[in-house]
Amino acid sequence: MSLRLDGVFGPVVSTFKRDSGDIDCTAFTENVKSHIAAGLLGVVVCGSTGEAALLSEEERLELLEAARRTVPSDRMVLMGTGGESTRLTVRRCHEAQTVGADAVLVVAPHYYSNAMTVDALRAHYRRVADESPLPVLLYNIPKYMHFKLAPELVAELAQHPNIVGIKDSSGDLDLLKSYLQAQSESFSVITGNGGQLHPALMAGARGGILAVALFAAERSVAIFRAHAKGDHATADRLQAEMKPLAATIVGELGVPGVKAAMDAVGLHGGPVRGPLLDLDAAGRARVSALMSGLSAAAA
């Protein structure tokens, strides 16, 4: 099953009301509209940047329904469905299909990380792919998983007809290149590292799911389009300007940093959900300085 992944996706934040902590669906919808208007190929709901681990099952579906209502049919909605049990992951895949997602992004189970052998991961992903009614993308994010998907396992899973790609958020270009050896017409490698979008595209990756695109969407899309046109000098220049944002706001400050950056550009970031903590005044000042630098570079 093929799936168009040649573009930039935004792993949307989950917006919360400051007083109650409940989902703020109005703010979420407004963000999604802005992301699509900025040229993103689609959005990913309930990814790492979406604080997926902190959401209830009901909240996950509420956000997916809001995204599907908002995203036009020519753009895509991907849903993070990875769970700690294979059973839960499969159930989430079916629920995502019911609500109208185009594909699912499945992070490996990682609470029992020492038990996540190649055999265990193979069995998990095969069952998920066998039973999911939607195309499956593997999700490699060692920062949170505390291990990486072995290239040999990825190459094997890439042969499954319902596994259509992998998002690699390792930030390790050599590892991404090893995954690229499995790329085919039916299996795409996309990067999850905004600081390496152009190098990843140069290596052969087909797109990106980038947290930095939530507050620098036009810049992210411009890098992709410049690369597609063969204008690598422009892509390199834009990438150099965006790299510190990806490194500091996304890589160092994490979800609170991303939400602060969205606030800084007039979108709805808002509060994070505990146990995460919002940035303090010094952290917000760092974000504002970085964002003003990007604005100056764009002028």
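The values are calculated or read from the model by the stated rules, or taken from the named source; none is laboratory data. Predicted, not measured: the structure shown is a model, and the values here were computed from it. When we count neighbours, we look across all protein chains shown, and the Cβ atoms used for this are built from the backbone with ideal geometry, even at glycine.
Checking each residue in segment 81-95 for being closer than 14 Å to residue 129 by Cα and either touching a residue at least 60 places away in the same chain (Cβ under 8 Å) or part of a helix (DSSP H, G or I) (or both) picks out 86, 87, 88, 89, 90, 91, 92, 93, 94.
In segment 1-31, the qualifying residues are those that are among the aliphatic types (A, V, I, L, M) and outside any loop (DSSP other than H, G, I, E, B), and the one that is surrounded by the most Cβ atoms within 10 Å (Cβ to Cβ) is 8. The lone criterion from (1) assigned to a loop (DSSP other than H, G, I, E, B); (2) closer than 16 Å to residue 142 by Cβ left unmet by residue 161 is number (2). Counting only helices (runs of 4 or more DSSP H) that fall entirely inside segment 184-299 and contain at least 1 residues that are in contact with a Pro (Cβ under 8 Å, 6 or more places away or on another chain) and free of Cβ contacts under 8 Å to residues at least 40 places away in the same chain, the qualifying elements are 281-298. For segment 70-92, the tally of residues that are over 19 Å from residue 209 (Cα atoms) and crowded, with 17+ Cβ neighbours inside 10 Å stands at 5.
Criterion applied to 167, 177 was being among the basic types (Lys, Arg), surrounded by 20 or more Cβ atoms within 10 Å (Cβ to Cβ) and either out of contact with any helix residue (DSSP H, G or I) (no Cβ under 8 Å at 6 or more places or on another chain) or not in a loop (DSSP other than H, G, I, E, B) (or both), and the one residue passing it is 167. Out of the residues in segment 68-108 meeting the condition of being small (Gly, Ala, Ser) and touching a Phe, Trp or Tyr at 6+ places or on another chain (Cβ under 8 Å), tell me which one is nearest to residue 40 (Cα to Cα). Ranking the qualifying residues of segment 68-108, first place goes to 80. Scanning segment 107-120 finds one or more residues that are surrounded by 16 or more Cβ atoms within 10 Å (Cβ to Cβ), among the aliphatic types (A, V, I, L, M) and within 25 Å of residue 23 (Cβ to Cβ). In this entry, residue 40 is excluded by the filter for residues that are crowded, with 23+ Cβ neighbours inside 10 Å and either of a type in the set (Ser, Thr, Tyr) or part of a strand (DSSP E or B) (or both).
If the condition is being touching a Ser or Thr at 6+ places or on another chain (Cβ under 9 Å) and exposed (fewer than 15 other Cβ atoms within 10 Å of the Cβ), then segment 240-272 contributes only 266. Being at pLDDT 95 or above, among the β-branched types (Val, Ile, Thr), within 27 Å of residue 202 (Cα to Cα) and not in a helix (DSSP H, G or I) is the requirement here; does residue 104 meet it? Judged against the criteria, residue 104 is a match. Pairing each residue of segment 140-157 that is surrounded by fewer than 20 Cβ atoms within 10 Å (Cβ to Cβ) with any residue that is basic (Lys, Arg) and part of a loop (DSSP other than H, G, I, E, B), provided the two are 6+ apart or on different chains, yields C-beta distances under 9 Å for 142/148.
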